[in-house]
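All remarks here apply to the structure that follows.
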Amino acid sequence: MSAGIEAGYWRDVIGGQYDGLPRLSLTLAQAQRLWSIDEALARYVLDSYVESGYLTRTPDGSYRRSDYSQTLAVGKTRP
């Protein structure tokens with residue numbers, strides 16, 4: 001599998017997890033362990049979601065959905 005295809009595959013997998021679990025909050029190390037991927041790939045995929053605005057990175061280094069606080073307050077995911 002080429003690097004571009006692999007990154008695209010993992011972007012779909014990781015995005016799907018954050019879609020299905022809107023309150024998911026993971027550090028880079030936790031993401032690596034959860035999906036059994038190396039640091040470079042995990043960082044690339046997670047940071048691409050940060051750049052798109054879908055995820056945000058907290059001061060403690062966790063990646064969570066940008067609408068995380070809304071899902072906690074309202075108990076709903078974004079439309």
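The values are calculated or read from the model by the stated rules, or taken from the named source; none is laboratory data. Nothing here was measured: the structure is a model prediction, and the numbers come from that model. Every residue, glycine among them, receives a Cβ derived from its backbone with ideal geometry; neighbour counts consider all protein chains shown.
Here is how the numbers come out for the structure above:
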| read-out | value |
| --- | --- |
| Region 1-20 residues that are closer than 15 Å to Tyr68 by Cα, paired with ones that are assigned to a helix (DSSP H, G or I) and at pLDDT 95 or above (beta carbon under 7 Å, 6 or more apart) | Gly15/Tyr49 |
| Residues being loosely packed, with under 14 Cβ neighbours inside 10 Å and modelled with pLDDT of 65 or more - total across region 54-79 | 5 |
